[in-house]
Every structure is written in structure tokens, then in C-alpha cells.
1. Looking at region 166-180, is at least one residue more than 30 Å from residue 75 (Cβ to Cβ), in a helix (DSSP H, G or I) and at pLDDT 80 or above?
2. Could you pull out the residue among 140, 160, 130, 170 that is surrounded by fewer than 16 Cβ atoms within 10 Å (Cβ to Cβ), of a type in the set (Gly, Ala, Ser) and touching a residue at least 12 places away in the same chain (Cβ under 8 Å)?
3. For the subset of region 76-123 comprising residues that are of a type in the set (Gly, Ala, Ser) and touching a His at 6+ places or on another chain (Cβ under 8 Å), which member is farthest from residue 52 (Cα to Cα)?
4. Is it the case that some residue within region 115-131 is in contact with a Phe, Trp or Tyr (Cβ under 8 Å, 6 or more places away or on another chain) and either hydrophobic (A, V, I, L, M, F, W, C) or more than 26 Å from residue 42 (Cβ to Cβ) (or both)?
5. Only residues that are surrounded by 14 or more Cβ atoms within 10 Å (Cβ to Cβ) and either assigned to a helix (DSSP H, G or I) or polar (S, T, N, Q) (or both): list them for region 240-255, please.
6. Among what's in region 368-386 and is not in a strand (DSSP E or B) and not hydroxyl-bearing (Ser, Thr, Tyr), pick the residue that is surrounded by the most Cβ atoms within 10 Å (Cβ to Cβ).
7. Quick one: count up the residues across region 222-232 that are assigned to a helix (DSSP H, G or I) and either outside the structural domain of residue 279 (by TED's automatic domain parsing) or exposed (fewer than 14 other Cβ atoms within 10 Å of the Cβ) (or both).
8. Need the failing condition index for residue 30 against (1) within 28 Å of residue 93 (Cβ to Cβ); (2) over 32 Å from the mean Cα position of the chain (by Cα), just the number.
Amino acid sequence: MRFLRKLLIKDYESTGKPEVRYRYGTAAGIVGVLTNVLIFAAKLVAGILSGSVTVIADALNNLSDAGSSVITLVGFKLSRRPADAEHPFGHARYEYITGLIVALVILVIGVVLGSRSISKIITPEPVTVSVLTYAVLGVSIAVKVFQLLMYADFGKAIASKTLKAAAADSRNDVIATFGVLTAMLVIAFTGVNIDGYMGLAVSIFIAITALKLIKETIDPLLGRPANKERVAEIRRSLLSYGGILGVHDLLLHSYGENETFVTVHAEVSAADDIMKSHDLIDNVERELAKELGINITIHMDPIEEDNAFVNALREKAVLAVLELDNTLNIHDFRVVRGNTHTKVLFDVLIPYEAKTTLEDVEATCAAEFAAEYPSETFSFVLNMDRQY
């Protein structure tokens with residue numbers, strides 16, 4: 001498909017540019033509309049002449065695909081709109097919405113085709129198969145394979161949920177039309193009318209695939225965990241700067257492809273001059289925004305490195321928590337010594353599937369600290385954190 005990209009899309013290799021992304025979506029949408037309208041017309045004629053409800057339903061499926069291609073075009077057009085006062089994070093999520101619409105259209109087609117197939121099973125009608133029927137179905141499969149390859153290639157190039165949904169729809173159409181062709185062959189050579197049964201099997205497959213696509217397009221709208229490779233890349237980049245001792249509370253907020261906002265806490269030495277540390281953070285924000293294409297905000301957390309008592313307590317807390325549950329982690333560790341007691345404050349990163357509670361962590365640390373420092377009175381202020 002490299003040739004097709006080169007032919008249809010100007011500057012096709014610069015997939016990170018919004019205008020190039022729009023060209024991919026536009027090209028895929030236009031090709032989809034034209035090819036789907038052509039095979040719809042051909043199948044409709046063949047279905048009417050043969051009297052096959054499955055062929056006619058398959059034709060209507062292709063007409064809906066043409067409508068889906070129009071939706072794809074509209075989605076890419078809307079997602080290209082710049083940020084405004086009402087939508088300061090831009091409009092890139094329109095692409096997710098159009099992907100959801102395409103998935104819903106696929107589901108409706110599956111349900112309609114299933115209903116018609118059941119009717120065909122209950123009251124079978126004679127089907128006349130001709131060379132035209134075979135030719136139309138064969139050409140339709142070839143066109144749909146071409147669409148599948150194009151949508152999958154374009155979708156992978158720009159990481160588009162909408163085009164990936166369109167590719168899945170084309171794959172369903174290949175299977176559906178192949179099922180129709182199989183039914184026509186069985187009817188022609190055996191006389192057994194399986195038109196309705198094959199249509200029902202195909203409709204069930206289409207409906208199941210549509211439900212999976214609906215989930216895939218809803219997930220980014222609701223919010224899902226950040227890509228692990230992306231998080232690791234940002235973390236590595238932050239820690240590559242001398243002066244940043246550690247990072248935590250890294251949050252990624254996606255408002256569509258290439259529209260990522262990041263917030264993170266960066267640990268710096270409390271002994272360093274605050275203006276020096278602030279200058280470092282400013283430079284890191286600016287450089288990573290340019291290097292990784294993200295909007296990043298960094299919160300500066302000062303860490304005491306030269307306080308032996310604090311360091312000893314931190315190490316003991318880390319070991320105690322890991323021994324309690326090795327899936328946990330702590331950060332933002334602080335100690336405030338007073339006249340009557342020592343206050344220990346830190347955040348505990350607890351996975352959603354973990355059974356350990358903050359109370360368990362506090363009890364474990366309290367026992368460990370009391371055994372090591374019997375003359376100290378400790379109080380704990382713990383905060384539960386999640387991995388976003």
C-alpha cells in the first residue's frame with residue numbers, strides 16, 4: 001500500500017502532522033464511498049435477479065459502508081478544527097466518536113441481516129443463481145480485500161481508531177460475501193436452500209465484531225491506562241536530566257491522537273537552590289514538549305538527601321511495604337519531627353487488584369519503626385495513589 005499512499009497523500013511520510021493525518025482520512029473516505037456505492041449497485045441488481053434475500057442484504061450492507069465512509073470523512077474534517085474557547089483541548093476526539101458511529105452502524109446491519117435471515121429460514125423462497133451472481137460476488141470480495149488492506153495500512157500509519165474500525169468492517173464484509181457465495185454454490189449444486197442459515201451465521205459474526213469495536217472506541221472516551229511504552233519513554237527522558245532524582249504521579253491525558261497532556265512530579269534535591277531547580281524544570285518542560293510532542297507540566301518535589309534519620313526511615317518504609325506486598329510502591333516521603341511525636345507522611349501506590357489497604361501499610365510501618373526507634377513516637381499520614 002506504499003504506492004497508494006504515495007499516489008493519494010501529499011507528504012505521506014509525515015504522519016505526525018495534523019494536515020497529513022487529515023489527508024489520510026480524506027483519501028480513505030473518498031475511496032471507500034466510491035467503491036462501496038459501485039458494489040452496492042452491482043449486488044442489488046444481482047440480488048433482485050436471483051431473488052436472494054442474502055445477496056440483497058449484503059448489498060444494503062455495502063450501502064451502509066458507503067455511509068460509514070462519509071462519516072469517516074466528516075470525522076476527520078471535524079477533528080481537524082483548532083482549539084477554541086468552548087473546547088480548549090481541541091476537537092481530535094471527534095475521530096473516536098465517528099469510529100463509535102461506524103461500529104454502531106455495523107451492529108445495526110448485523111441485527112437487520114439476522115432478522116431477515118430468520119424470516120428466510122421460516123419461510124424459504126426459491127433462489128435463482130446465475131453467472132452474474134457469481135461474478136458480482138467474486139468482484140465484491142476482491143474490492144473488499146483491497147479496502148481491508150488500505151484501511152489497515154492507513155490506520156496503522158496514523159494510529160486511527162476510525163480507520164481500524166473500517167478495516168474490521170471490510171474484513172466482516174469479505175467473510176459475509178464469501179458466506180453468501182458459498183450459499184449460492186450449495187444451492188446451485190445441491191438444491192438445498194441454506195440462504196437463510198448462512199445469512200444468520202454471518203449476521204452473528206458481524207454483531208459480535210461490532211460489539212468489540214464499540215468497546216474499543218468507547219475506552220479512549222471514558223479514559224484508559226496510558227500506553228506503557230509511552231510512559232516508559234517519558235520517564236526515561238525525565239531521568240536523563242542531571243538534577244532530577246526520581247519521578248512519580250505521572251498522568252497522561254489524551255484528547256485524541258497527537259493531543260497528549262502530561263503532568264508529573266519530579267524529585268529534586270532539597271539542598272539545591274530553588275531558582276536553579278526551577279530553571280531546570282522549565283528547561284525540561286520546554287525540551288520534552290518539543291522532543292516528544294507532548295504538553296507537559298512538571299511539579300517539583302524537594303527530597304532530603306543529607307538527613308540520615310529521614311533516609312533511614314525511608315529505606316525501612318520501602319522494605320516494609322515491599323515485604324507486605326511487592327506490588328506496592330511509595331513516594332513523596334517526608335518526616336516532620338516535633339516535641340512530642342514524629343510525623344511520617346508518604347503516598348502509597350496501590351494497584352487496583354491489590355488486597356492490601358492503607359491501614360495494613362500503616363500498621364506494618366508503625367511496627368517496624370517502633371522496633372527500630374523505641375524512644376520515638378510516630379504518627380502517620382498516608383495517601384493512597386493509583387497507577388493512571
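1. Going through region 166-180, the residues more than 30 Å from residue 75 (Cβ to Cβ) turn out to be none.
No, that holds for no residue.
2. Selected residue: 130, the only one of 140, 160, 130, 170 that is surrounded by fewer than 16 Cβ atoms within 10 Å (Cβ to Cβ), of a type in the set (Gly, Ala, Ser) and touching a residue at least 12 places away in the same chain (Cβ under 8 Å).
3. So the first thing to find is which residues in region 76-123 are of a type in the set (Gly, Ala, Ser), and the list is 79, 83, 85, 90, 92, 99, 103, 110, 114-115, 117, 119.
Filter once more, so that each one left must be touching a His at 6+ places or on another chain (Cβ under 8 Å): 79, 83.
Working: 79: 41, 83: 50 Å.
Looking at residues that are of a type in the set (Gly, Ala, Ser) and touching a His at 6+ places or on another chain (Cβ under 8 Å), I get 83.
4. Keep residues of region 115-131 that are in contact with a Phe, Trp or Tyr (Cβ under 8 Å, 6 or more places away or on another chain), which gives 117, 121.
From the residues that got through so far, the ones that are either hydrophobic (A, V, I, L, M, F, W, C) or more than 26 Å from residue 42 (Cβ to Cβ) (or both) too are 121.
Yes, region 115-131 contains a residue that is in contact with a Phe, Trp or Tyr (Cβ under 8 Å, 6 or more places away or on another chain) and either hydrophobic (A, V, I, L, M, F, W, C) or more than 26 Å from residue 42 (Cβ to Cβ) (or both).
5. 254
6. Going through region 368-386, the residues not in a strand (DSSP E or B) turn out to be 368-377, 386.
Those left that are additionally not hydroxyl-bearing (Ser, Thr, Tyr): 368-372, 374, 376, 386.
Working: 368: 19, 369: 21, 370: 13, 371: 9, 372: 11, 374: 8, 376: 14, 386: 10.
For region 368-386, the residue satisfying everything is 369.
7. Of all residues in region 222-232, those assigned to a helix (DSSP H, G or I) come to 222, 228-232.
Within this subset, residues satisfying the condition of being either outside the structural domain of residue 279 (by TED's automatic domain parsing) or exposed (fewer than 14 other Cβ atoms within 10 Å of the Cβ) (or both) are 222, 228-229, 232.
Qualifying residue count, region 222-232: 4.
8. Going through the list (1) within 28 Å of residue 93 (Cβ to Cβ); (2) over 32 Å from the mean Cα position of the chain (by Cα), residue 30 breaks only (2).
The values are calculated or read from the model by the stated rules, or taken from the named source; none is laboratory data. Because the structure is predicted, anything quoted here is derived from the model rather than measured. Cβ coordinates were reconstructed from backbone atoms using ideal geometry, including for glycine residues, and neighbour counts include every protein chain displayed.
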